[in-house]
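In what follows, a single structure is set out as structure tokens and then discussed.
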Amino acid sequence: MENLRQQIIDIGNRLWRQGMMPAGDGNISARLKPKMYLITPTKVSKGFLDPERIIVIDENETQLGGKGKPSSEIAMHMLAYKLRDDVNAVIHAHPVFATVFASTGMELPYDLLAEVAVKLGKIPTAPFALPSTGEVADVAHDYIRNYNAFLLKNHGAIVLGRNLEEAFLRMELVEHLAKIALITKVLGGYEKIPQESIAILEEMSKQA
Ligand SMILES: [Zn+2]
């Protein structure tokens, strides 16, 4: 458990330093073992967590340990573990450029960067949901089932991973893609990766 706790703390710091978790926002969770999970607390900066603040919960969201209250988006995290056996880590953040896309209604492109087809898959935008009310879990349901990364309209991004490191790298890649996509729009567009190459990249992703 200590190892996983420390990983959540480190990743919280890396995301905060990159400006993806401003103002105490964002949340991180991981599956510790069957029916037991770690999740970040609500209303504190994820840049400076300490081990006592990482909350331990069971599958009924009963708090078993940790100071403070669990993330207000706990329902969305628990839904991800319920729906996806392959998912052991969930990160929700507010990265600036990805949130710009989520707010304009423009989709993030799938044929711009090769690594997106290999490491992420398509990144759709889920409808707006009131934060911290359980609505996020409601709108996220089908996206969690079908995607590893998606945006929340006028809000931010959610990524899923087989482990915390994979989820973190996916969040970084979502934001990296959003930055490049935005700049290509300023410069008048980009040359698309050919469909046949995308198909090869998707095959590679199955082996990754
Ligand atoms: Zn949020």
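Every number here is computed from the coordinates shown, using simple stated rules; none is lab data. As the structure is a computational prediction, the values presented were derived from the model and not from experiment. Because the Cβ atoms are built from the backbone with ideal geometry, glycine has one as well, and the counts that use them run over all protein chains shown.
For region 1-77, what class follows from the C-alpha gyration tensor (a ≥ b ≥ c being the square roots of its eigenvalues): rounded when a/c is under 1.5, otherwise prolate if a/b is larger than b/c, else oblate? The shape class here is prolate. Projected over every direction and averaged, the convex hull enclosing the alpha-carbon atoms of region 2-207 yields 11.0 nm². If a spin label sat at a point 7 angstrom from the Cα of T104 along the line to its beta carbon, the backbone N atoms of region 171-200 nearer than 13 Å would be those of 178-190. Sorting 39-47, 157-165 by their mean Cβ neighbour count within 10 Å, with the most densely packed peptide first, gives 157-165, 39-47.
How do the peptides 177-187, 196-206 rank, highest first, by the average count of neighbouring beta carbon atoms within 10 Å per residue? Before the final figure, lay out the partial values.
Working: 177-187: 15.1, 196-206: 12.4.
Those peptides, ordered most packed to least, come out 177-187, 196-206.
Note on E59 and L130: the model spin-label points, each 7 Å out from Cα along the C-beta direction, lie 3.0 nm apart. Listed by Cβ neighbour count within 10 Å, with the fewest neighbours leading, T99, T62 appear as T62, T99. Normalised by the number of residues in region 2-207, the average gap of Cα pairs under 8 Å and 6 or more apart makes the relative contact order 20 percent. Test of understanding: extend the Cα→C-beta vector of H176 to 7 Å, then name every residue of region 117-138 with backbone N under 19 Å from that spot. Of the residues in region 117-138, 117-124 have backbone N under 19 Å from the label point off H176. Please compute, over every Cα-Cα pair in region 130-208, the percentage with a separation greater than 15 angstrom. For region 130-208, the fraction of Cα-Cα distances above 15 Å is 70 percent.
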